[in-house]
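The values are calculated or read from the model by the stated rules, or taken from the named source; none is laboratory data. Everything numeric in this text was worked out from a predicted model, so none of it was measured. As a convention, Cβ positions derive from the backbone with ideal geometry for all residues, glycine included, and neighbour counts pool all protein chains shown.
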C-alpha cells in the first residue's frame, strides 16, 4: 500500500505567539518548532497501514530548507522517505498550498493520502478537502477510526455530539483527529536511521494568493480576574453574581 | 440585485440551529452591501424547512432535491452547491463552521475557483469588500483577511453571531442541478454519550481538569452540568490520562468554544487550554491553587477544593431553579 502523509511544521502548543511591530506577521524568533500534532496521528496511521498491508509512507511538506529538521522527525517515526516542496514560506492562502501538494501527489499513485485535520498555527482546516476536490477523490475529515480492506474502507468522523460512519473506495484522502491512534515515540534507532533517509526537493510554481492577511491583532484582553471568595461558603455570592450581574443563570 | 447566499445545513432531517446565526450574519452583511439574502437547501423532502429561513431575513430559498443528496456526501454536495453558485452568481457565500461546513466549503471554494475564509468570528465591510476576522493559533491571535477571489466565501464559527429574527416574505425556487454519483457517503450517524450536547454548541460548559483527581469523580461535573443544561468539557491533561473522551477536550489541540458561561473545575489554565476557551463570555474558575493562571482570566473565581465547592454550587443552583 502506497501512503502519502502531508505534514506541516508548526509552533509548539505552549508557544507564546507574538505579532511583529507592523502588525503584518508573526515573530518567528524563539519559537520551538514541532510536527503539527494532528499530523503525528496521520503519520502513525500511515505507518500502521504499511505495517499491515506492506508498502511505503512518503512524507510531503512545503516550506524552506529549515523545515527539514521537522520532516526528519517524521522520518524518525518510521516514514520511509520525504518530499519537500521548496517555498520561502507557507502561503497564507490554503488554496495555493493545496494546489502545490496536489501537483506532487499526482506524480505518484497513492492508495491513501493522510493529513492532520488542521494545522494548529493557521487553523484553516481545509487542506484535505481542497486536495480531494482537485484530485476528484473521496475524502473523510476529522477521522477517529479507519479501516481499509480490499480496496475499500470505512472511516468514523467526529461531528457535533456524535459520529458519522463514512464508506469509500480507494484511493482516499483522510484527515486525522486526535483519538485515531497513539503516535509512537521516536526511538534512538529511528532517529539515527532518519538521518540517512532521502528528502527529495521539488520546485512547484505557486499561484498568487487569493486570501490576504491585512493585519494581525491580539484578541481583546479579558478584564482582570476577580476572586469571589474561598471555599464552599463563597458559593452563594457566586450564584448571586451569575444571576444578577452576569445574568447567565 | 446580487445577494449573500447561505448554504443551509440539514442533518438527520433537522435544519440545524446554527443556520439561524448564519442567516443573521448574512442579513447584516447584505444590509451593509445593499444585497439581498438567499439560501440554498439540499437534500430530499425540503418543503418542510421552508418557513424557517424567512424568519431571519432570508428572501429567496433555492431548493435542490435529488435522491443522491439523501445522505451527506462532501463531494456530491460540493458539486451541487458549486453549480448553484454558478447559476445564481452570489457576491458572498456563507455557511456555519460546523463539522459539515468545515468539511464541505473548502471543496465548494475549489470548484468555483475561490478561496474560503474558514471559521470566521466577525466581519466588516471596507471599500465594498468584506474583511473577515478569523482566529489563528487557536485564538492566540486574530487575523483580518481579505479575499481577492469571487464570490467571497466564509464559514462562520458557531456562537460567534447572536441570531436575530427579522421576518420577511420569501420566495421559493426549485433549481435543476445535476448531482454526480457520491464518492464518500455517510452510512450512519450515531450520537455519543446519550446524545449529550457538544461543547461547540453549548451555551454553558462545565469543564474538569486534573484537579478532579480521577474519572470516578466526574459525577460532580455531570451533576452540575445537568442542573445547568450544560455540556461537559475537559482539559488536555485528563484526556491524555484517558479519564475523558477526546471529543470533550477544550484547547489548542481540542475544540475552541465560545459559550456564555464556562465553569473551569480543577483546571490550572495552561496557555493551550486558555486559547480554546478565552472567548467565553463569562468564565468561572474553581481551583485550590490561588496562583493558578486560570484565575487571571476568570470573571469569578473561588479558591477552594472542587470536592467541597462543586456539590454546594450544584445544590445552590438547584435551589434557584426550583424557585
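Counting just the residues of the stretch B:261-271 that are surrounded by fewer than 22 Cβ atoms within 10 Å (Cβ to Cβ) and touching a helix residue (DSSP H, G or I) at 6+ places or on another chain (Cβ under 9 Å), which one comes out modelled with the lowest pLDDT?
B:270
Looking only at the stretch B:245-260, decide whether some residue is farther than 17 Å from residue B:198 by Cα and surrounded by fewer than 22 Cβ atoms within 10 Å (Cβ to Cβ).
no
Quick check on my filter: what residues within the stretch B:243-258 are facing chain A (nearest Cβ under 10 Å) and in contact with a helix residue (DSSP H, G or I) (Cβ under 8 Å, 6 or more places away or on another chain)?
B:245, B:246, B:249, B:251, B:252, B:253, B:254, B:255, B:256
Filter the stretch A:166-184 down to residues that are farther than 17 Å from residue A:5 by Cα and at pLDDT 95 or above and give me whichever is surrounded by the most Cβ atoms within 10 Å (Cβ to Cβ).
A:166
Given the residues B:303, B:309, which is the only one that is facing chain A (nearest Cβ under 10 Å), surrounded by 24 or more Cβ atoms within 10 Å (Cβ to Cβ) and more than 23 Å from the chain's Cα centre (by Cα)?
B:309
Looking only at the stretch B:281-302, which residues are under 19 Å from residue B:217 (Cβ atoms) and in contact with a strand residue (DSSP E or B) (Cβ under 6 Å, 6 or more places away or on another chain)?
Residues satisfying the conditions are B:284, B:285, B:286, B:294, B:302.
Considering only strands (runs of 3 or more DSSP E) fully contained in the stretch B:99-148, which possess at least 3 residues that are in contact (Cβ under 8 Å) with a residue 60 or more places away in the chain, over 24 Å from residue A:175 (Cα atoms) and at the interface with another protein chain (Cβ under 9 Å from one of its Cβ atoms)?
none
Do we find that residue A:190 is closer than 23 Å to residue A:116 by Cβ and in a helix (DSSP H, G or I) in this structure?
yes
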